[in-house]
Amino acid sequence: MKAIITVVGKDKSGIVAGVSGKIAELGLNIDDISQTVLDEYFTMMAVVSSDEKQDFTYLRNEFEAFGQNLNVKINIQSAAIFEAMYNI
């Protein structure tokens, strides 16, 4: 299983630490990560994977709730969506 996680919100300390901790807690591995601050807004994209099949509804709910605690918007999408777009 491979997925893309995006994080957007007002910049503050602890976002990367919090999100990466949540990723590990949910049993996902960070394969690649990029983050930047645009003006005063934090943005991050991460490619994550797992050897096991994951329940995306559960993951979305977990990241959404966690993002509310950090005051950021966290989204997760299956990488298969992007791969399918290139096959159309």
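The values are calculated or read from the model by the stated rules, or taken from the named source; none is laboratory data. Remember, it's a predicted structure, so these values are computed and weren't measured experimentally. Quick reminder, even Gly has a Cβ in these numbers, built from the backbone with ideal geometry, and neighbours come from all protein chains shown. Heads up: the accessible areas ignore ligands, DNA and RNA and are worked out on the full protein's heavy atoms, side chains in. Shrake-Rupley method; radii C 1.70, N 1.55, O 1.52, S 1.80 Å.
Key figures for this structure:
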item: Residue count, the range 7-29 (criterion: open to solvent by 40 Å² or more (accessible area, probe 1.4 Å), under 20 Å from A65 (Cβ atoms) and either in contact with a Ser or Thr (Cβ under 9 Å, 6 or more places away or on another chain) or in a strand (DSSP E or B) (or both)); result: 3
item: Tabulated pairs, the range 11-25, first closer than 15 Å to M45 by Cβ and modelled with pLDDT of 95 or more, second assigned to a helix (DSSP H, G or I) and not basic (K, R), C-beta under 9 angstrom, 6+ apart or interchain; result: I15/L70; V19/F63; V19/F66; V19/G67; V19/L70; I23/F63
item: In the range 30-63, residue nearest to A3 (Cα to Cα) [restricted to those that are in a helix (DSSP H, G or I) and open to solvent by 60 Å² or more (accessible area, probe 1.4 Å)]; result: R60
item: Close pairs (9 angstrom Cβ cut-off, 6 or more residues apart or separate chains): assigned to a strand (DSSP E or B) in the range 64-86, of a type in the set (D, E) and at pLDDT below 90 anywhere; result: none
item: Residue count, the range 70-88 (criterion: at pLDDT below 95 and either among the aliphatic types (A, V, I, L, M) or more than 16 Å from I4 (Cβ to Cβ) (or both)); result: 7
